[in-house]
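Here's the structure we're looking at; comments come further down.
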DNA sequence: GCATTGACGAAGG
DNA sequence: CCCTTCGCCAATG
């Protein structure tokens, strides 16, 4: 009986593994560390789709979860996505709050603060 | 349905 | 060394 489990065409039956995975990784970034879009994409197996990671972060704003998008920067450690926050300064403030140092919209000692998801997950 | 854009990145000139 | 182009894939116009 019943079985009216019919999903409408507009329903979000679609599984955005990619987006969801990006959120999961972002949430696993330890405090005081940062990662890059390419690193996450690489962990997902599609390092060429680093853009999609950024797009996923954009969707993160609408996500019920609190995604620490400020910990995700580009390969140069630059806060390229700061304009997408509530305020462009928000991203730097959040990073500084994590104990990081940001100068000229770039994470200081980024290389040392870099957190690789593949490495963290002991892949 | 095609064209443009986008929080990237690597490669080429 | 700086700028341009291409690839990736999804959302928006």
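The values are calculated or read from the model by the stated rules, or taken from the named source; none is laboratory data. On a predicted model such as this, the values are computed, not experimentally measured, just so you know. Cβ sites come from the backbone with ideal geometry, for glycine too, and all protein chains shown count toward neighbours.
Okay, here's what the table says:
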read-out	value
When residues of segment A:67-92 are limited to those that are touching a residue at least 24 places away in the same chain (Cβ under 8 Å) and exposed (fewer than 15 other Cβ atoms within 10 Å of the Cβ), the one nearest to residue A:29 (Cα to Cα)	A:75
Restricting segment A:35-50 to residues that are in contact with a strand residue (DSSP E or B) (Cβ under 7 Å, 6 or more places away or on another chain) and not in a helix (DSSP H, G or I), the residue that is surrounded by the most Cβ atoms within 10 Å (Cβ to Cβ)	A:35
Residue A:95 being in contact (Cβ under 8 Å) with a residue 24 or more places away in the chain, outside any helix (DSSP H, G or I), more than 17 Å from residue A:53 (Cβ to Cβ) and in contact with a helix residue (DSSP H, G or I) (Cβ under 8 Å, 6 or more places away or on another chain)	no
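Here is a yes/no grid of residues against (1) assigned to a loop (DSSP other than H, G, I, E, B); (2) at pLDDT below 95; (3) within 14 Å of DNA strand C (Cβ to nearest atom); (4) in contact with a helix residue (DSSP H, G or I) (Cβ under 8 Å, 6 or more places away or on another chain):
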site: A:31; (1), (2), (3), (4): yes, no, no, no
site: A:59; (1), (2), (3), (4): no, yes, yes, yes
site: A:65; (1), (2), (3), (4): yes, yes, no, yes
site: A:70; (1), (2), (3), (4): no, no, no, yes
